[in-house]
Amino acid sequence: MSERYVAAIDQGTASSRCLVFDRRARIVSVAQKEHRHYFPRPGWVEHDPEEIWRNVLEVVDEALAKAELSPADLSALGIANQRETTVLWDRRTGMPVHNAINWEDTRTDQLCRELAGDAGQDRFREKTGLPIATYFSGPKVRWLLDRVPGLRERAEEGEVLFGTIDSWLIWNLCGRHVTDVTNASRTMLMDLNTREWDDELLSAVGVPRAMLPEIRPSAEIYGQAGPPLAGVPVASLLGDQHAALVGQTCFDPGDAKCTYGTGSFFLLNTGEAPARSESGLLSTLGYDLGVGKPTYALEGSIAVTGALVQWFRDNIGLIGSAPEIETLALTVEDNGGCYFVPAFSGLFAPHWRSDARGVIAGLTGYINKGHLARAVLEATTWQTREVMDAMNADSGRSLAELRVDGGMTANNLLMQTLADVLDVPVVRPIVAETVSLGSAYAAGLAVGFWPDLASLEANWHKAAEWLPAMDGAARAKGYRKWKKAVALAVDWLDDDD
Amino acid sequence: MPGRIQSIERAAAILRLLSGRSRRLGVAELAGELGLPKGTVHGILRTLQFVGFVEQDRESGKYQLGAALLHMGSSYLDGNELRTRALNWADALATQSGESVRIGTLHENQVLIVHHVFRPDDSRQALEVGSLVPAHATALGKALLASHRYLAAELLGGDGLMSYTPATVTDIYRLRRELDDISEHGWASEVGELYRDMASIAAPITDRRRVTVGAIGITGPIERLCEAARPRPELIGYVTTSARSVSRELGALPW
């Protein structure tokens, strides 16, 4: 029998990618294509869903061609996607009725304040695990139904359908209107305990049930793809951060991973029941792989990590490329007492302060560009530390090690500093493409390409490990200074800003 | 053919001296090395400083190569940048070969390890990023020396090559012949030359101008890397393929 493969689509915020894996979880082929971002007004961010669909077909085609494979060589296809981004389309024609509203889009700010009302940001937290925020899909749907003439009536009749990107892609691939529990858990419309759409939430947010997809597990055969993928089973749907949790094989309660990109997303497996957060984290579905019970997670979302390095490169110009920050930072021994809180659009987890703005604290005549570069990198590590402390408080456990992935893990100094600041080992796996790998794993499990979770764990290998090497007093002092810097960043915005 | 321009030749000689030493050089030292009057050397240095090709250290007054020259010379690539661009391919090489992977650049006649991927067997291993290994006794070093012959000439013209095991090549003529072979075949190896039981295979990484900016290779026990004391062909294939992939990532023409 010839070698068989699993393909994963990673439909991300910046681009669509397709990776093909073999049975030993080795990357056989990669293709990638960026799509356009539309900014109709400040704070508004949109994509063209049809462009995304075309790009997905193109990258799948290209990835297969590069490895000289045909759809017949694929045992399954998985989908991982940017979360919360909202698409509405016409059931009959399949055409979008509006551009997709991106997760970063803040147009629902006023609406969210109205929804919170006197009950506050945590009005739905008990049921959804989420604070009311522009981040989530529900308010985006409501905004469209309110603003596009005739849409609400058609939605109530079930003529207009809602989906996150996973639903949009599988609708086009297989003609089914479904989503998975992880994506549904980010809509603010699903009850985290029952994993079903909740009538009270639907009526409070103002979204008709008739337009919603069916909620399914993250791994099962949803259907066979139509041409051009000719019969390949579509067998997984996962939000990208949840896919990374699977790709890192964080299958046991207490396992955690943090993906370092533009922002960073720290997820902790909390087992078979949702863990409530008292410390500013999100309660969310981890994954539901069809084998065993659904697994829940705590999530700490950090808005600005890699984005700060990009800002340092593009807006300050002290470095020509992102990796050069490490070279610059290594020209000095330490941060010289300088701390950088990158609250460019407020602070996310665990603070959730939209009134915060960026601060560089501890400046003296001694500080040079090398110290600033250190402070930029350390901002990522101290923000991770705050989220880790919140995780430990909410879960009642102490994290034993942190599994990391994403582009910033190439920065050796950052990873060492992270281990120093967290005081736990930091481990990078040999496949850094954990989102695609997790998507492939889920699809492969559903079709029997991989027999069980143990066979996936056997593929996980350490590619690098950084051990804490910081003196405890220095760590405590650094953290104390960081917290003082954060205190300076909050409450900056005024009513007339 | 018109005659050569003496002052440019002298400037080139100064730059070559400055590129070959870790230490900075003063006017007197340079003048002594070149057998030229200090005034002549000083004049050339002033001009080189004006165009940014050399810099003068404020405290010691000594001269070193300037940032402009380093950035212009296409062989200059930030090691951290190289690691970032090579990450996925180095991981793939470790998975394919089952051995640890290192990427190195030349640094003061030695090889600076800029990236290290553990052998994928979950045994206890320590990151070696930032450490230095000898150039003449490693496959990484040989791959780099083969494409930087002027540096090789300097190394080979030095105080003699250190012997680490009975197999270390310390004979300059033999090493030169080996570098010729490496240039021709596009990969380098050493068997038991740094550690008795270990071997390594490496290939050069080139940028868009086809200038070698680093080397990528695998290291492991001789019995796994070799067959009849020669590197296994399939491992050589993995190494050269990954070197090409990284080179392509850096903009080298596809080939």
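Sorted on the mean count of surrounding Cβ atoms within 10 Å across their residues, most packed first, peptides A:108-115, A:293-300, A:171-178 read A:293-300, A:171-178, A:108-115. Solvent-accessible area assigned to carbon and sulfur over chain A amounts to 48 percent, based on a 1.4 Å probe.
Sorted by mean Cβ packing within 10 Å, highest first, what order do the peptides B:50-62, A:381-393 take?
On the way: B:50-62: 13.6, A:381-393: 21.9.
With the highest mean Cβ count within 10 Å placed first, the list reads A:381-393, B:50-62.
Peptide A:27-33 shows a mean partner chain C-beta count of 1 within 10 Å per residue C-beta. Using a probe of 1.4 angstrom and keeping all protein chains present, the accessible surface of region A:77-146 works out to 36 square angstrom per residue. Over region A:367-497, accessible surface divided per residue gives 36 Å², non-protein components excluded, 1.4 Å probe. Relative to the isolated chain, which residues of region A:446-491 have their accessible area cut by 20 Å² or more in the presence of all protein chains (1.4 Å probe, heavy atoms, no ligands or nucleic acids)? Going by heavy-atom accessible area, the residues of region A:446-491 that drop by at least 20 Å² are A:His461, A:Lys462, A:Ala463, A:Ala464, A:Glu465. The apolar share of the surface of region B:15-66, taken as the fraction of accessible area on carbon and sulfur atoms (1.4 Å probe, ligands and nucleic acids excluded), comes to 48 percent.
So how tilted is helix A:165-174 from the main axis of chain A? Cα-based, degrees 0 to 90, rounded to 10. Its long axis makes an angle of about 30 degrees.
Interface residues of region A:394-427, defined as those losing at least 20 Å² of solvent-accessible heavy-atom surface relative to the isolated chain (probe radius 1.4 Å), are listed as A:Ala410, A:Asn412.
Using helices alone, I'd like the mean residue ellipticity at 222 nm for chain A: each DSSP H run of four-plus residues gives -39500 (n - 2.57), total over residue count, nearest 500.
Helix-only estimate at 222 nm: -9500 deg cm²/dmol.
Work out the FRET efficiency for B:Asp171 and A:Lys66 from their Cβ-Cβ distance, taking R0 = 60 Å, and round it to the nearest 0.05. Taking R0 as 60 Å, the efficiency between B:Asp171 and A:Lys66 is 0.85. Partners of A:Lys481 within straight-line reach, counting lysines whose Cα lies under 30 Å from its Cα and excluding those fewer than 8 residues away in the same chain: A:Lys257, A:Lys369. Highest-first packing order for the peptide set A:417-426, A:353-362 is A:417-426, A:353-362, based on the mean count of other beta carbon atoms within 10 Å. For chain B, the 222 nm mean residue ellipticity estimated from helices alone, with every DSSP H stretch of n ≥ 4 adding -39500 (n - 2.57) and the total spread over all residues, rounds to -13500 deg cm²/dmol.
Using 0.36 nm per residue and subtracting the Cα-Cα separation, the extra length available between A:Thr364 and A:Phe344 on full extension is 4.9 nm.
Summarising the overall dimensions of the protein assembly as shown from its C-alpha atoms, the Rg and Dmax are 28.5, 94 angstrom.
Approximating the spin labels as points 7 Å out from Cα along Cα→Cβ, the A:Asn315-to-A:Leu467 distance works out to 4.0 nm. Take the accessible area of chain B alone and of chain A alone, subtract that of the pair, and you get about 1900 Å² summed over both chains, using a 1.4 Å probe.
A simple spin-label model places the labels of B:Leu132 and B:Glu234 3.9 nm from each other, with each point 7 Å out along Cα-to-Cβ.
Gain on full extension, evaluated as 0.36 nm per residue between A:Arg54 and A:Thr331 minus their Cα-Cα distance, stands at 95.1 nm.
Given their separation in residues at 0.36 nm each and the Cα-Cα distance between them, B:Asp122 and B:Asp181 gain 17.7 nm when the chain is fully extended. Which one, A:Gln248, B:Ile14, B:Gly66, is farthest towards the positive end of the dipole of the protein assembly as shown when Lys and Arg carry +1 and Asp and Glu -1 on their Cβ? Checked the options; the winner is B:Ile14. Distance between the modelled labels on A:Asp355 and B:Glu29, one decimal in nanometres: 6.1 nm (7 Å Cα→Cβ projection).
The values are calculated or read from the model by the stated rules, or taken from the named source; none is laboratory data. In this text the structure is predicted, and so the values were computed from the model without any measurement. Heads up, the Cβs are rebuilt from the backbone with ideal geometry, glycines too, and the neighbour counts pull from every protein chain shown. Remember, those area values only see protein heavy atoms, side chains included, never the ligands or the DNA or RNA. Shrake-Rupley method; radii C 1.70, N 1.55, O 1.52, S 1.80 Å.
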